[in-house]
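Shown next, in structure tokens, is the structure this report addresses.
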Amino acid sequence: MSGIAYPGDLALLKQVFDRVCAEAGISVGSMETERLSVSAMELFSDGEFDEAVLYERLRLVARSLPR
């Protein structure tokens, strides 16, 4: 929880985010993408860096988004 975002951490977050968006059929630029990205950054800011945990938590968020 240093408050520093390293390139590798951001790459992991983007990879997980992109995977969840693709699996959930969330298109780039949509309101759902914006909401999911806020959730991703909140998890990251809370110190969550584990790929599996990020993936599962973002999948839950994606499922709860209105379509």
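Derivation of every value follows stated rules applied to the coordinates shown; laboratory data play no part. Being a predicted model, the structure only gives us computed values, none of them experimental.
Some values worked out for this structure:
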| quantity | calculated |
| --- | --- |
| Computed over the chain: relative contact order in percent, which uses C-alpha pairs under 8 Å that are six or more apart | 44 |
| From the coordinates shown, Cα extents along the principal axes in Å corresponds to which of (1) 36, 18, 17; (2) 51, 28, 11; (3) 43, 20, 18 | (1) |
